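The values are calculated or read from the model by the stated rules, or taken from the named source; none is laboratory data. Model, not experiment: these values are computed from the prediction. Quick reminder, even Gly has a Cβ in these numbers, built from the backbone with ideal geometry, and neighbours come from all protein chains shown. Side chains are part of the model used for accessible areas, which takes the heavy atoms of the whole protein and leaves out ligands, DNA and RNA. Shrake-Rupley method; radii C 1.70, N 1.55, O 1.52, S 1.80 Å.
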Amino acid sequence: PLRDPIPDPTTPPQPLCAACCGPPPAWAARLGATGFLLSKCCLPILKAKAKRVRTTFSSEQLARLEQEFARQQYLVGAQRGLLASTLHLTEEQVKVWFQNRRIKWRKQSLEQQQAKLARMGLATPQR
């Protein structure tokens, strides 16, 4: 059978982008696609960040986080570091958990206030 010609090393690399520039020649795969470039049209696809994996907290971790939140809604510095190391989490995970929990707490507080006003007949329209 006929083989694809091996590229001349003096020629500039060709785009290797099947979506818009057509499939690469068969020999490109055999050579590990060395000497080929992606065209500029496909760079945004490659630059996209990989989706972050969602942290799954154990029930023990959640119980301890909730316990600390009940004590104080803000953890800073050494307190956050100590709690993170105790729970085998990163400080960033603890920080974000507290941020999200404060949002949930504010939302619950607002709903309780609105329910109380509604019972009193003073309900304000929700946004």
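Could you tell me how many of the residues in the range 75-84 are modelled with pLDDT of 95 or more and either within 22 Å of Arg106 (Cα to Cα) or open to solvent by less than 70 Å² (accessible area, probe 1.4 Å) (or both)?
4
Output the residues belonging to the range 91-127 that are surrounded by 14 or more Cβ atoms within 10 Å (Cβ to Cβ) and under 18 Å from Ser58 (Cα atoms).
The answer is Glu91, Gln93, Val94, Lys95, Trp97, Phe98, Arg101.
Please name all residue pairs, on different chains or six or more residues apart, with Cβ atoms under 6 Å, provided the first residue is in the range 75-102 and is of a type outside the set (A, V, I, L, M, F, W, C) and the second residue is open to solvent by less than 80 Å² (accessible area, probe 1.4 Å) and in a loop (DSSP other than H, G, I, E, B).
Matching pairs, first to second residue: Gln93/Thr55; Arg102/Gln73.
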